[in-house]
Amino acid sequence: MKFVILLMCSLFGYLNPNNALDKGQENIVEISETSDLSKEAERRLRSEILDFAQKFVGKKYKYAGNGPHGFDCSGYTSFIFHHFNVRLDRSSGMQAKQGKRKRISQLNPADLVFFGNQKKIQHVGIVLEVGKGKLVMVHCSSSKGVVVEDVYRSDYWKDKLLFGKDVIND
């Protein structure tokens, strides 16, 4: 992401008189990396999403539920992100078409992670933590409701892991 900063200066002769800034002309400066302020705002948003998502741990699974008293997997993710004005479609298959696709190794907290087979998306969760040998998500499963689980420690989920998406910076 690039930010363009418009600089207009009239420094009343304090700079070299041949400098365009002394003449009150406009100069445009491009900064190629995201500013520290916007990185901090994104980090805070991701943290708030995770805090909010974990408040529902223990809630029961409800077919076609979209909260707050019961969820299915995509109802849970859409409910959580909607709270922060990030619009997600209602089904996991449609959510998988949103955002910026990422490799599992590139995921960040509050990214989405998708499961299924090569023909169909069957499940979605929210990344809590990713690291060497660790992919922890919060999700709503039909058997356990909203839980925190390490994908790599689950024989069920690790074999169905497909890809991740960043729906915050899409």
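Values quoted throughout were computed directly from the atomic coordinates according to the rules given, and no laboratory measurement underlies them. All values reported here derive from a predicted model rather than from experimental measurement. Counting neighbours? That spans all protein chains shown, and the Cβs are built from the backbone with ideal geometry, glycine included.
Brief remarks follow.
- Taking a sphere under 10 Å around the Cβ of residue 61 and counting the other residues whose Cβ falls inside, with K and R at +1 and D and E at -1, yields a net charge of +3.
- Using equal-weight Cα scatterers in the Debye expression, the normalised intensity of segment 43-166 in log10 at q = 0.12, 0.18, 0.19, 0.21 Å⁻¹ is -0.36, -0.88, -1.00, -1.26.
- Segment 126-152 and segment 54-78 have Cα centres lying 14 Å from one another.
- Radius 9 Å from Cβ of residue 75, net charge of other residues (Lys, Arg +1; Asp, Glu -1): +1
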